[in-house]
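Report on the following structure.
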Amino acid sequence: MKAIRFEKVGGPEVLTFVDVELPPPGPGQIRVRHTAIGVNFIDTYHRSGLYRLPLPSGLGSEAAGTVEALGAGVATLKTGDRVAYAGTLGAYAEANNVPAEKLVKLPADIGDETAAAAMLKGMTAQYLLKRTYPVKAGQTILWHAAAGGVGLIAGQWAKHLGVTVIGTVGSDDKVALAGQNGSAHILNTRTDDWAKRVREITNGEGVPVVYDSIGKDTWAGSLDCLAVRGMMVSFGNASGAVPAFEPGILSAKGSLYLTRPTLFHYTRNAQELQETADDLFAVIASGAVKIQVHQRFKLSEAAKAHEALHSRATTGATILIP
């Protein structure tokens with residue numbers, strides 16, 4: 001089969017499109033023939049070496065497709081079932097062997113492209129809004145990268161929950177998109193004094209929670225936006241890792257809380273995974289959250305997809321088509 005591999009870390013140019021042998025699924029595994037593959041910022045962290053993988057390596061952790069073969073002991077799914085997954089390496093390929101407990105069966109009203117675009121980003125929005133810091137109707141929150149893949153889903157979902165979203169974007173051409181997807185106030189982090197504006201919007205109080213996937217560039221300003229006993233949710237490093245800091249800064253700025261969550265710790269077993277996915281599928285089926293695939297690339301064009309991510313030229317979801 002064809003797959004993306006890389007033998008050294010670096011820029012998008014290290015990605016190669018090659019023939020590889022995929023062995024039969026082992027005990028407890030299911031072979032999934034991919035129909036759509038999700039592209040996420042964490043893929044660029046793996047490729048660049050920010051998050052280290054043993055090399056040479058495959059790439060990608062999210063896809064949708066059909067069950068093609070079952071390993072020994074698998075009884076939860078059958079050949080031909082439509083499934084999706086997030087969190088198993090090797091998705092940038094025509095097929096992948098996935099542990100059965102990492103797969104969810106797709107409802108009839110959720111399309112393959114929607115699933116590939118929504119599993120990782122949508123379940124991330126779910127655990128952040130409902131479990132890391134459970135938002136409440138009437139609150140005002142700050143969400144960075146409001147026009148990004150997670151941000152567009154989270155903005156819609158938060159609005160559906162009765163929450164006012166202050167969303168940030170990196171360019172003026174993303175303002176309208178963020179506004180169309182749940183953000184009541186949109187600030188440009190490159191041109192606005194956004195931390196000051198958050199204080200103005202909240203009448204000086206600040207917000208109870210900041211959801212920050214940008215990292216280094218927004219870290220200090222995000223802390224300045226928080227209300228007393230507010231929570232800083234740092235869940236990504238799009239601009240680079242957060243610099244080292246003294247814990248005392250959290251008390252100085254209002255006895256703040258800080259968490260660095262990952263989806264893996266909120267979907268530790270098949271039950272947690274299914275419940276998270278079911279909540280996501282339900283809010284999509286209701287029409288409250290619409291999944292928007294704005295960029296499609298061939299699997300062989302994975303490097304181009306990464307170049308688009310780095311240039312911040314993308315909005316919504318990006319997928320690869322095998």
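The values are calculated or read from the model by the stated rules, or taken from the named source; none is laboratory data. Worth saying up front: this structure is predicted, and the values here are computed from it rather than measured. Glycine gets a Cβ as well: all are built from the backbone with ideal geometry, and neighbour counts include every protein chain shown.
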Task: Of all residues making up the stretch 152-199, the number that are of a type outside the set (Val, Ile, Thr), in contact with a Gly (Cβ under 9 Å, 6 or more places away or on another chain) and closer than 23 Å to Thr132 by Cβ - done: 19
Task: the stretch 191-201, residues that are among the β-branched types (Val, Ile, Thr) and either surrounded by fewer than 19 Cβ atoms within 10 Å (Cβ to Cβ) or without any contact (Cβ under 8 Å) to a residue 60 or more places away in the chain (or both) - done: Thr191, Val198
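Looking at Gly73, Gly58, which is the one that is touching a Leu at 6+ places or on another chain (Cβ under 7 Å) and without any contact (Cβ under 8 Å) to a residue 60 or more places away in the chain?
Working: Gly73 fails: touching a Leu at 6+ places or on another chain (Cβ under 7 Å).
Of Gly73, Gly58, the one residue that is touching a Leu at 6+ places or on another chain (Cβ under 7 Å) and without any contact (Cβ under 8 Å) to a residue 60 or more places away in the chain is Gly58.
Restricting to the stretch 104-119, give me the number of residues that are within 21 Å of Gln29 (Cβ to Cβ) and surrounded by 18 or more Cβ atoms within 10 Å (Cβ to Cβ).
From the stretch 104-119, those within 21 Å of Gln29 (Cβ to Cβ) are 104-106, 112, 115-116, 119; that's our starting set.
Imposing the further condition that a residue be surrounded by 18 or more Cβ atoms within 10 Å (Cβ to Cβ) reduces the set to 104, 106, 112, 115-116, 119.
Number of matching residues: 6.
Yes or no, residue by residue, for (1) of a type outside the set (S, T, N, Q); (2) without any contact (Cβ under 8 Å) to a residue 24 or more places away in the chain; (3) over 30 Å from Met119 (Cβ atoms); (4) assigned by TED's automatic domain parsing to the domain that holds Ala154:
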{"residue": "Thr189", "(1), (2), (3), (4)": "no, no, no, yes"}
{"residue": "Glu205", "(1), (2), (3), (4)": "yes, yes, yes, yes"}
{"residue": "Gly215", "(1), (2), (3), (4)": "yes, no, no, yes"}
{"residue": "Ala227", "(1), (2), (3), (4)": "yes, no, yes, yes"}
{"residue": "Phe235", "(1), (2), (3), (4)": "yes, no, no, yes"}
{"residue": "Pro243", "(1), (2), (3), (4)": "yes, no, yes, yes"}
{"residue": "Ser255", "(1), (2), (3), (4)": "no, no, yes, yes"}
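Would you confirm whether or not the stretch 241-255 contains a residue that is touching a helix residue (DSSP H, G or I) at 6+ places or on another chain (Cβ under 6 Å), of a type outside the set (Phe, Trp, Tyr) and part of a helix (DSSP H, G or I)? Walk me through it before giving the result.
Initial filter on the stretch 241-255 (touching a helix residue (DSSP H, G or I) at 6+ places or on another chain (Cβ under 6 Å)): 242, 253.
The next check asks that each one be of a type outside the set (Phe, Trp, Tyr); those that pass are 242, 253.
Restricting the remaining residues to those that are part of a helix (DSSP H, G or I) gives none.
No, there is no match, as no residue in the stretch 241-255 is touching a helix residue (DSSP H, G or I) at 6+ places or on another chain (Cβ under 6 Å), of a type outside the set (Phe, Trp, Tyr) and part of a helix (DSSP H, G or I).
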Open item on the list: With the condition being of a type in the set (S, T, N, Q), I'd like the helices (runs of 4 or more DSSP H) fully within the stretch 116-220 carrying at least 1 qualifying residues.
Closed with: 149-160, 175-180
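Go over the candidates Gly10, Gly49, Gly38 one by one and state the one that is modelled with pLDDT under 95 and not aliphatic (A, V, I, L, M). Give the derivation first.
Details: Gly10 fails: modelled with pLDDT under 95; Gly38 fails: modelled with pLDDT under 95.
Answer to the check: Gly49.
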- [ ] Among the numbered conditions (1) within 17 Å of Ile319 (Cβ to Cβ); (2) not in a loop (DSSP other than H, G, I, E, B), tell me where Ala69 comes up short.
- [x] (1)
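Among the residues of the stretch 39-53, is any assigned to a strand (DSSP E or B), buried (at least 24 other Cβ atoms within 10 Å of the Cβ) and assigned by TED's automatic domain parsing to the domain that holds Leu273?
Residues of the stretch 39-53 that are assigned to a strand (DSSP E or B), as a first pass: 39.
After this cut, where a residue has to be buried (at least 24 other Cβ atoms within 10 Å of the Cβ) as well, the list is 39.
With assigned by TED's automatic domain parsing to the domain that holds Leu273 added as a condition, the list becomes 39.
For the stretch 39-53, residues assigned to a strand (DSSP E or B), buried (at least 24 other Cβ atoms within 10 Å of the Cβ) and assigned by TED's automatic domain parsing to the domain that holds Leu273: present.
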Open item on the list: Any residue that is at pLDDT 95 or above, assigned to a strand (DSSP E or B), over 16 Å from Thr16 (Cβ atoms) and of a type in the set (Gly, Ala, Ser) - is there at least one of those in the stretch 84-94?
Closed with: yes
